[in-house]
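Working notes, structure below.
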Amino acid sequence: MARVLSRRDQRAFSLLVERHEGRLRRMLRHLSKDAHLADDLAQNAFLRAWRNLADYKGNGRFGAWLSRIAYREFLMVERRAGVERRYARTLRDESMSAHGTPSPSEPPASLELAELLDLVEPIDRTLLVLVYAAGLTTAEAAEAVGSTAGTVKSRLHRAKARINATLESENERRRRNQHE
């Protein structure tokens, strides 16, 4: 890290990329649910990190700083996608009301990790990914999302409780079905 900061050593930065890219890509895959988008976001995060090396003050882990950059990249894409989704939904709703077409049925529930994460609010999903998939501390996750460590701990606790309740309910349903 010292060589990267003092001399903007590209080879040393390449080593940092190699060290952190797997974790960063996993984090972004969990957040975006899209492997290709996650790869693009990771690449953008590394480029932004390289351009903004002067902003890294050495306080805290480089990986946490990099995760914050990647999370911001994800948020920018999500904001744009949210506008596009709202527009598409409006068009679909207008088309359905004009043509009397029923809305498609919901896909069957599944207890894949992505669906479990969908049970919680988007910020809680992000915090779960940052702490458990990306390995950030609660303080680092708090800094990444602009919150406090106490709030992050509280949100993580509630999110895990909600997921656990769903899992317990699903297990109970399966037990009842086996006995029938």
List, please: which pairs have Cβ atoms under 9 Å, are six or more places apart or on different chains, and start with a residue in the range 148-163 that is of a type in the set (S, T, N, Q) and end with one that is loosely packed, with under 14 Cβ neighbours inside 10 Å?
-> none
Flag if Arg125 is among the basic types (Lys, Arg), over 24 Å from Arg25 (Cβ atoms) and not in a loop (DSSP other than H, G, I, E, B) | no
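Quick check on my filter: what residues within the range 23-51 are free of Cβ contacts under 8 Å to residues at least 12 places away in the same chain and outside any helix (DSSP H, G or I)?
Going residue by residue through the range 23-51, those that are free of Cβ contacts under 8 Å to residues at least 12 places away in the same chain are 29, 34-36, 40, 43, 47, 51.
Scanning the range 23-51 gives a single hit, Asp34.
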Ser14 vs (1) surrounded by 11 or more Cβ atoms within 10 Å (Cβ to Cβ); (2) modelled with pLDDT of 65 or more; (3) out of contact with any helix residue (DSSP H, G or I) (no Cβ under 7 Å at 6 or more places or on another chain); (4) within 30 Å of Arg162 (Cβ to Cβ): all pass except (4)
Under 8 Å by Cβ, and 6 or more places apart or on different chains, what pairs join a residue from the range 112-132 that is under 15 Å from Lys153 (Cα atoms) with one that is in a helix (DSSP H, G or I) and of a type in the set (Val, Ile, Thr)?
-> Val120/Ile163; Ile123/Val145; Thr126/Val145; Leu127/Val145; Leu127/Val152; Leu130/Val145; Val131/Thr138; Val131/Val152
Starting from residues that are among the basic types (Lys, Arg) and at pLDDT below 90, keep the ones in the range 24-52 and report whichever is surrounded by the most Cβ atoms within 10 Å (Cβ to Cβ).
-> Lys33
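The values are calculated or read from the model by the stated rules, or taken from the named source; none is laboratory data. Worth saying up front: this structure is predicted, and the values here are computed from it rather than measured. Note that each Cβ is placed from the backbone with ideal geometry, even for glycine, and that neighbours are counted across all protein chains shown.
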